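Chemist: Following this message is one structure expressed as structure tokens.
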Amino acid sequence: MAEEQVAQPEEEIAESEEEALKLPFPNARVVAIIKENLKNEHQVKRDVKVAANKLLGEILADIAQSMDKEEYFTLSIEHFNKAARKYREIALNQKRIRKIQKVLEKQRAELDEIVAEIELEVPSEPQSSPQ
């Protein structure tokens with residue numbers, strides 16, 4: 001039996017593994033998208049490929065469930081865009097958070113400077129020496 005498995009082409013083994021895992025998308029396409037977006041050469045482990053595939057399936061299921069709440073029989077691109085908005089706005093929200101962090105860091109530096117100036121202006125109380 002082991003000899004029969006070795007004789008199978010790798011593609012057939014990969015396809016049967018995908019079927020066994022019940023992945024939502026062809027794994028080869030998911031891997032291709034990952035590799036297209038990597039700037040550096042990387043070896044991507046199998047568990048990463050499977051996890052990415054499952055995550056994409058979960059995201060699409062969430063979008064579909066959101067669209068299902070629409071009262072219309074025919075779903076249009078507007079309905080899809082509305083349901084997918086939260087995923088598309090993630091990068092925008094990250095930029096907003098970074099901007100707020102920078103503003104807060106600047107304000108903290110200004111406050112530290114003011115506190116330092118106040119400490120310099122306020123004379124320290126002389127310590128009474130024991131007699």
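The values are calculated or read from the model by the stated rules, or taken from the named source; none is laboratory data. Just so it is clear, the structure is predicted and the values come from calculations on it, not from any experiment. Virtual Cβ from ideal backbone geometry, glycine too; neighbours counted across all protein chains shown.
Chemist: Looking for whichever is within 22 Å of L56 (Cβ to Cβ) and either at pLDDT below 90 or in a loop (DSSP other than H, G, I, E, B) (or both) here; the options are E15, E41, E3. Which one fits?
Modeler: Residue meeting the stated conditions: E15.
Chemist: Moving on. Take A20 and decide whether it is of a type outside the set (V, I, T), at pLDDT 90 or above and either surrounded by 14 or more Cβ atoms within 10 Å (Cβ to Cβ) or farther than 23 Å from A64 by Cα (or both). Outline the logic, then answer.
Modeler: Values: of a type outside the set (V, I, T): yes; at pLDDT 90 or above: no; either surrounded by 14 or more Cβ atoms within 10 Å (Cβ to Cβ) or farther than 23 Å from A64 by Cα (or both): yes.
Taking the combined requirement at face value, the residue does not satisfy it.
Chemist: Given the structure, is F80 under 26 Å from L23 (Cβ atoms) and either under 17 Å from the mean Cα position of the chain (by Cα) or not aliphatic (A, V, I, L, M) (or both)? Give the steps one after another, and end with the answer.
Modeler: On the way: under 26 Å from L23 (Cβ atoms): yes; either under 17 Å from the mean Cα position of the chain (by Cα) or not aliphatic (A, V, I, L, M) (or both): yes.
Taking the combined requirement at face value, the residue satisfies it.
Chemist: Return the pair list, or none, for Cβ contacts closer than 8 Å from residues in the range 28-54 that are surrounded by 12 or more Cβ atoms within 10 Å (Cβ to Cβ) to residues that are aromatic (F, W, Y), at least 6 apart or on different chains.
Modeler: From residues that are surrounded by 12 or more Cβ atoms within 10 Å (Cβ to Cβ), the pairs are N53/F25.
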